[in-house]
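Enquirer: I'd like to ask some things about the structure below.
The values are calculated or read from the model by the stated rules, or taken from the named source; none is laboratory data. These numbers come from a predicted model, not from an experiment. Cβ atoms come from the backbone with ideal geometry, glycine included; neighbour counts cover every protein chain shown.
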Ligand code: GLU
C-alpha cells in the first residue's frame, strides 16, 4: 500500500515549491489508491512562526489536497505532530545507545570551534567523527546525543535524480537529539517515516546531500529505507535563479484571494517540472491523478512563469458553468452591484466570463453596468488610433453612431450589423470606431464584446451614455 506524506515545518507561509512537494506526494498516493499523510515537523522551536500550522492546513484544504491522516484528522499512526512524539524519539535513541551507535556529545561550543579551526589550518574537512571521545559518559539528556556513524560508500536510486552514489568521506556523526530534548529533523523523520509506514519520501533538494547519512542511520536502526524522490528546484521567470518572494511568488492563499482557481493552481504547479510526455499543458485534477508518475518529473529546475499561470486561469474560468462561476465570484462583485437585479447580474457575468483572467478582474470589467461611468477623454486621447483624430471628429462619429443605433433592434446581432454598416458609411477602421463607442459607453480600459455589452445595457442606457459622452466632449 502506497503511503506518502507531506512533512512541513510550521516556519512560515507555504510557498510554491512547498505546495508542489505536497501536490506530488498527494498525486502519488491518489494515483496508487494509497494514503496521504500530513505530519507537522515542529521540533525547531526557534524557527516556529505563530499561526503557520493553521496556514499550512488552510492552504492544503484550499487546493483540495485532502489528507487521510494528520494532526487535525487523526489516524492510526499518530500523533502527527512531532512535538507530541518526544517519548517515541527517546525510545529510539535508547535503542541506538544500547547498540553502541549513539553517544553523549561531551564538547562545549568553544571546543568544537577549536576543532573546526584546527581542521581548517590543516586544510582538512572538519568531521565530528574524528573527535569521538574514547569513553562516553551515560547520556543525561542535557547534552546533544550524537550518532556514531559507520563511514562507507553508498549507491542508491532516486526516482527523479536517478542512480546516485557517495563516498565514506560524507558520512559523519550528526546530532540525533539536541540539548533542548528535541530530536533533529535528520533523526525524527527517519523514525516517523518508518513508524508511519511511509513508502515514498518526496521532498526538496536541500536534503539530497544528507542522504548518505540517512542511509547509514537506517542501517544502524535495522530498518528498510523508503523510495526516495527529490524534487527539482523551482526557478524564477528567467530560469536563472531559485524562485523567491522577490520574484513575486506569493503564498498560495494570496493567489486564491486574487481569484486564481484552485484547479488552475493545481494544474500549473503540477506542470512545474512534470509533463505527461505530450504537448498537453492544462490538466484537470482527475487527469493528473490518472497520469502522474514520479519518473516523468524532470531533474532540472522548473521555470515559474506567472504569465502562463494567468493565461491558464483564464482557460479554467471559461470552462466553468455559469452557475459554478456565479458561486465563486460572490465576493468579487463591485459594491455598486449589491442592489442590482439577479438576472441582470447573471447576464453581465456570462459576458465577463470570456474576458476574465482572475476573478478579481470582475469589477474592472463590469462596474459600468451598475453605475454611470465618468467620462474621461484622456483615455481617448491616449489611444493610439483615436488620439490622431480631432475632438470634432470624435463627436461627429459618436453622433452618427447614436443616430444609427436609435433605429436598431437591441440584440447583439442587429447591433453588430448596424455597427458594420457604420464602418462602411464612415470609412473608419474597426479599431478606431468601435474603440471610440466602447469608451463612450464604458469609460473602462477594457470590457467584454461591444454588441453584447450594449444589448445588456439596453437601448435607453446605451443612447444616454453616448449622449453624455458627446455633451462632455463639447
Ligand atoms: N520538515 C522538512 C521541511 O519542511 C520536511 C522535509 C521532508 O519532507 O522530509 O523542509
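Enquirer: Kindly establish whether residue 46 is more than 13 Å from the ligand (Cβ to nearest atom) and within 19 Å of residue 143 (Cβ to Cβ).
Expert: For residue 46, the condition - more than 13 Å from the ligand (Cβ to nearest atom) and within 19 Å of residue 143 (Cβ to Cβ) - is met.
Enquirer: Now for a separate question. For the condition within 16 Å of the ligand (Cβ to nearest atom), over 21 Å from residue 47 (Cβ atoms) and either loosely packed, with under 15 Cβ neighbours inside 10 Å or modelled with pLDDT of 95 or more (or both), what is the one hit in 170, 201?
Expert: 201
Enquirer: Residues of the range 204-232 being at pLDDT below 95 and over 19 Å from residue 157 (Cβ atoms), which ones?
Expert: 206
Enquirer: Taking the range 49-59 on its own, how many of its residues are away from the ligand (no atom under 13 Å from the Cβ), more than 15 Å from the chain's Cα centre (by Cα) and in a helix (DSSP H, G or I)?
Expert: Qualifying residue count, the range 49-59: 1.
Enquirer: Could you tell me whether residue 179 is in contact with a helix residue (DSSP H, G or I) (Cβ under 9 Å, 6 or more places away or on another chain) and either at pLDDT below 95 or away from the ligand (no atom under 16 Å from the Cβ) (or both)?
Expert: no
Enquirer: Shifting gears a bit: Select from the range 356-380 the residues that are over 22 Å from the mean Cα position of the chain (by Cα) and outside any helix (DSSP H, G or I) and write down the one among them that is surrounded by the fewest Cβ atoms within 10 Å (Cβ to Cβ).
Expert: Within the range 356-380, the match that is surrounded by the fewest Cβ atoms within 10 Å (Cβ to Cβ) is 374.
Enquirer: Has the range 73-91 got at least one residue that is more than 11 Å from the ligand (Cβ to nearest atom), more than 28 Å from residue 222 (Cβ to Cβ) and modelled with pLDDT of 95 or more?
Expert: Yes, that holds for at least one residue.
Enquirer: Would you be able to tell me the number of residues in the range 169-187 that are more than 27 Å from the chain's Cα centre (by Cα) and not in a loop (DSSP other than H, G, I, E, B)?
Expert: Of the residues in that region, 7 qualify.
Enquirer: Give the range 22-43 a look and list any residue that's within 21 Å of residue 195 (Cα to Cα), within 12 Å of the ligand (Cβ to nearest atom) and not in a strand (DSSP E or B), or say none.
Expert: Result: 22, 25, 39, 41, 42, 43.
Enquirer: Please indicate, with yes or no, whether at least one residue in the range 217-227 is more than 20 Å from residue 40 (Cα to Cα), within 16 Å of the ligand (Cβ to nearest atom) and part of a helix (DSSP H, G or I).
Expert: yes
Enquirer: Starting from the range 1-17, keep only residues that are more than 11 Å from the ligand (Cβ to nearest atom), then list their pairs with residues that are modelled with pLDDT under 95 and assigned to a loop (DSSP other than H, G, I, E, B) whose Cβ atoms are within a distance under 6 Å, requiring at least 6 positions of separation or different chains.
Expert: 13/251; 16/249
Enquirer: Next question. So which residues in the range 183-194 are touching a helix residue (DSSP H, G or I) at 6+ places or on another chain (Cβ under 7 Å) and surrounded by fewer than 20 Cβ atoms within 10 Å (Cβ to Cβ), if there are any at all?
Expert: 186
Enquirer: Out of curiosity, is residue 191 under 30 Å from residue 100 (Cβ atoms), touching a residue at least 24 places away in the same chain (Cβ under 8 Å) and part of a strand (DSSP E or B)?
Expert: No: the conditions fail for residue 191.
Enquirer: Among the listed residues 196, 161, identify the single one that is over 21 Å from residue 8 (Cβ atoms), touching a residue at least 60 places away in the same chain (Cβ under 8 Å) and within 16 Å of the ligand (Cβ to nearest atom).
Expert: Exactly one residue qualifies, and that residue is 161.
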